[in-house]
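Report on the following structure.
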Amino acid sequence: MKESGITRRKFLIGSAAGGASLVAASYMGFDSWAAQKTVSQEVKITPTLCDACGNWCAINVYTRGGRVWKAEGNPIAGNNMGRICAKGHGMLHEVYNPDRIKSPLKRVGPGKFEPISWEQAYREIGEKVRGISEKYGPESLFWVQYPEGNADLTYLFMRALGSPNVFSHGTTCFLPRNIGWWLTVGKAKPEHDFENSRFVLFIGRNPAAGLQLRQLRDLARAADKGARLVVVDPRFSEAAVLGRHWIRIRPGTDLALMLAMAHVMIGEGLYQKDFVNNYTEGFEEWADKVKDCTPAWAEEKTSIPKEVIVKLARDLANEAPKAVIHRGYHGAMGTQYKNSLQLVRAVACVNGLLGNFNQLGGLYFPPDVKLGKLDPEKHPVPPVVEGPMADGSTDEERYPLTPKGIGISQAIPELALQGKLKAGFVYHNNPLRTNPNPARVIEGYRSLELLVSFDYVLSETASVSHYVLPESYYLERDDVVHTNHCYSSKQVAIRQQVLKPLYDTKPLADILVGIAPHVGIGKYFNFTLEEYNRASLAPLGVSLESLKKEGVIDLGGQWKPGEPTFATPSGKLEFASSILRDLGQPAVPEWEEPLVMPDRNDPHSFRLIHGKQGHHTHARTVNQPYLKEITTINDWGRIWIHPDRARALGVKDGECMTISSSIGKGRARTKVTEGIHPDCIFLPSGYGVFSRRLQTGFGYGISYNDFLPTYFDPVLGHIMSNEIIVRVEKT
Ligand code: SF4
């Protein structure tokens, strides 16, 4: 297997530099705080949930003298087990960010805002929403959000308004991963029993940057016990540093690798026959489909030598069922390629050949926690909104597999320009920076008659909104009860107020209760957040007081290996999906070309790929000074290029390159490294802030979104964010 030219030592030097920043970052302005003579004041520890990424790790936050001092991971919490990452530390500081919005704002001119009272904001927004709904219909309203625990409240709000249009960031992140697994095994997110695995294979997944702290701990333990960790990626990622082997693959071709591995396992009889016979559907059909997918065929596609493919398949199969292919997240199994859905299906099916479902060292389905609801006699529930979303999600003729509540958020600008969407709420989201083709996104969002942002700073999207409502920072508010805090047992957790709000801000529940009467839906918001949370906890036998005291409560129900069950139409793992067949889609995973390929005869032609770094969550954290410092100390904003390709362009390490695509142009300094496939260049994601109101992040780096046209995958509508061909020149 190919090993990278990057040494472990070199990476660790970089990590250590980042770590040095973290020591500074884990204490909240200690020197200035100490200078205020608050040292002797009482220390208070409040359990809550981090909000710096979607993992919502449970943390204990220390305050001293009424100021945040530091945070530690909550050791009970199943998804972080006492750990906290750089982002978690860094984003504590944001509560004191001078860029924060201090009261509701109303836009009174281009780039000009004036502070208004909450009452004025509620009244004006409510009346405008009501007017737009009456004039154009409730389906002209939308809500877009980064999925948060408070999503239950936002769904309720939009349902009360009569609109089906609730969007998440799914089509820019995880949608094919969820749908591919759901089609194959009936659930979207199986978990891994890494601690007992003998062989873990990552396909385009980098859990050391798209952090999941529990997974990292378990992987480290598995490695200590001698498990093999193999990373297939176009670049030498952080996960490749963690792993024992890195296999460099041509971007967009992971599907060919999976099909060839299935070819070897089936052809050599290396699959788990009892599992396949008893728990799967459509094996013969898939076996027939992969008959021609030989390792030699896959070598052509992937650039991985056929001997490596054969060895990988045999080694993985030899460790079955304690062998597992990671279920994926964003990356190749997320929304990056046209063939991502087929890839997820293929990965799920190869896991099926390994027979690892509900087995030690394999995959399992986390136990569900069922929360209670408010008494409908006292708290009326609005009727369900029938019909598809404005973007065609759930429409049988368009995107029948794309669920409501996820939708196709990059369609919003087009729908606004077509006049189908007239008013929107943007919650914890910044589509002007995180969606493709920013010029078009700006044009679309600006064309709305009403745009309301919930944000704590004037992000790019907040800056063009008619109203900006400052939700209290996560350390200043309570949220609804959360349940997804453990993989292997049932846990319930809560985000709660650590500090009194520093400014005139409010939690989301209060804001919705404030707006609702002005739109005529007040009867659906006749509760307090406390009532809502008590009703949620009632069936669990857990009091709100005890949950607030502990932060996380384990309810037992620990996963145990045993007979697998699948929630598919056949009740089995479906190599052949009846749902896809009925929709006229390939029933078994088969080869599908990526949407675009670079011109191999043109030295300037590259695929532009991107990925997260461990100290950033997309555009959300790059305005945080300590986290930015990690980037600048390590010079981690550079764009990666292979030495052979750099030489052909006459570019040396650290020099500038100009990158252009059909929609954009930009410049970046180079990192010339053997840790990248020659067909592509790699750009770390999250940078390229263009709101001048974000003083730290502004002007640093570029974003892949500046080069990505507005695409819609034909089956799910996702953005296909690595399907970008760029022209690269020495600047
Ligand atoms: S992974 Fe880090 S940023 Fe994300 S929730 Fe956990 S501590 Fe916070």
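Derivation of every value follows stated rules applied to the coordinates shown; laboratory data play no part. All values derive from a computational prediction rather than experimental measurement. Using ideal geometry, Cβ is built from the backbone for each residue, glycine included, and neighbour counts are taken over all protein chains shown.
I'd like to verify something in the chain: which complete DSSP H helices, judged by Cα projection on the helix axis, reach 24 Å or more and average at least -1.0 on the Kyte-Doolittle scale?
Helix filter hits for the chain: 8-25.
Put a dot 7 Å past the Cα of residue 217, heading toward its Cβ, do the same for residue 545, and the two dots end up 3.0 nm apart. Of all aspartates and glutamates in the structure, those lying under 12 Å Cα to Cα from residue 548, and not within fewer than 8 positions of it along the same chain, are 478, 479, 530. Evaluated at q = 0.08, 0.13, 0.17 Å⁻¹, a Debye calculation over the C-alpha positions of region 190-365 (equal weights, vacuum) places log10 I(q)/I(0) at -0.21, -0.57, -1.03.
Farthest towards the positive end of the charge dipole of region 477-548, among the residues 519, 497, 486, is the Cα of 486, using unit charges on the Cβ of Lys, Arg, Asp and Glu. Using a cutoff of 8 angstrom between alpha carbon atoms and counting only pairs six or more residues apart, the relative contact order for the chain works out to 19 percent.
Annotation: the residues 698, 236, sorted from fewest to most other C-beta atoms within 10 Å of their own C-beta, follow the order 698, 236.
The share of C-alpha pairs in region 372-430 whose separation exceeds 19 Å stands at 47 percent.
Taking a straight Cα-Cα cut-off under 16 Å and skipping sequence neighbours fewer than 8 places away in the same chain, the aspartates and glutamates within cross-link reach of residue 44 are 72, 476, 550.
Legend: ranking of residues 132, 101 from fewest to most surrounding C-beta atoms inside 10 Å; resulting order 132, 101. In summary, the lysines within cross-link reach of residue 135, defined as a Cα separation below 27 angstrom excluding same-chain residues under 8 places away, comprise 106, 404, 420, 422, 523. Only Lys, Arg, Asp and Glu carry charge here, each on its Cβ (+1 for the first two, -1 for the last two); on that basis region 190-365 has a dipole of about 480 debye about its Cα centre. Dipole of region 190-365 computed with +1 at Lys/Arg Cβ and -1 at Asp/Glu Cβ about the Cα centre; of 212, 305, 333, farthest Cα towards the positive end is 212.
Diffusion of region 535-669 by Stokes-Einstein, at 4 °C in a medium of 1.567 mPa s and with Rh set to the Kirkwood radius over alpha-carbon pairs, works out to 59 µm²/s.
Highest mean first, how do 593-603, 75-85 rank when packing is the count of other Cβ atoms within 10 Å averaged over residues?
75-85, 593-603
Here the chain was treated as a single set of alpha-carbon atoms; its pair distances binned every 10 Å from 0 give 3, 14, 25, 28, 21, 9, 2, 0 percent. Using a cut-off of 20 Å between Cα atoms, the listed pairs 301/338; 112/506; 652/730; 490/572; 187/490; 189/373 include 112/506; 490/572; 189/373 as exceeding that distance. Each of 72, 127 was scored by other Cβ atoms within 10 Å of its Cβ. Listed from fewest to most, they are 127, 72.
Putting +1 on Lys and Arg Cβ atoms and -1 on Asp and Glu Cβ atoms, find which of 267, 222, 648 reaches farthest to the positive end of the dipole of the chain. Comparing the listed Cα positions along the dipole, 648 ranks first. In this Cβ point-charge picture (+1 for Lys and Arg, -1 for Asp and Glu), the chain has a dipole of about 1840 debye about its Cα centre.
Remark: region 605-730 carries a charge dipole of roughly 380 debye about the Cα centre, counting +1 on each Lys and Arg Cβ and -1 on each Asp and Glu Cβ. Peptides 281-292, 537-548 ordered by packing proxy, namely the average of other Cβ atoms within 10 Å per residue, highest first: 281-292, 537-548.
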